1. Most exposed first by the Cβ proxy, i.e. fewest other Cβ within 10 Å, how do LYS153, LYS84, LYS38 rank?
2. Bin width 10 Å, alpha-carbon pairs only: give the P(r) of the chain as whole percents, running from 0 to the bin holding the largest distance.
3. Highest first, please rank the peptides 85-96, 12-23, 131-142 by the mean number of other Cβ atoms sitting within 10 Å of their residues.
Amino acid sequence: MISIRTILPADNPAIASIIRDTLTEFGANKPGTAYYDKATDEMYSTFQLPGSRYYVGLINGQIAGGGGIFPSDGLPEGTCELVKMYLTPIARGMGLGKQLIGRSLSFARDYGYEQVYIETMPELQKAMAIYEKFGFHYLDAPMGNTGHHGCSKWMLKKI
């Protein structure tokens, strides 16, 4: 059974492990990515900022992934970022990722954001295909000051 809830402090180690394990699995565990981001170890406190929300996806009560919305530095007014969207291998193909994206986009819309930005990398091709299905389109250059210089693909969606 799939369920989704907002992150709790006790979820930090599991989410950090999922993020780093996924980046390692796809050969994307490089500087300038979430792998080395200090926020990866402090997800609960990071997402206490107004305009942010992080969701944890569970399968049969076990944390199997997460993703959320964050008002990243330097983004245009009315723009937030879809961030730290990662799933365990067993969770892929079960619809959990789509549910996390949908829940995140709903939060962004309800909060009053007008656009959602994504930074990703070519190694995460399957994720990019899902973002495309949600209506994200590619940009020629990054937006904002996210600090993730290891990401070379940028996408945007108006909501």
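What follows draws every value from the coordinates through simple rules; no lab data is involved. Computed from a predicted model, the values in this text were never measured in an experiment. Here the Cβ positions follow ideal geometry from the backbone for every residue, glycine too, while neighbour counts run over all protein chains shown.
1. LYS38, LYS153, LYS84
2. Final binned percentages: 11, 44, 40, 5, 0.
3. Ranking the peptides 85-96, 12-23, 131-142 by packing returns 12-23, 85-96, 131-142.
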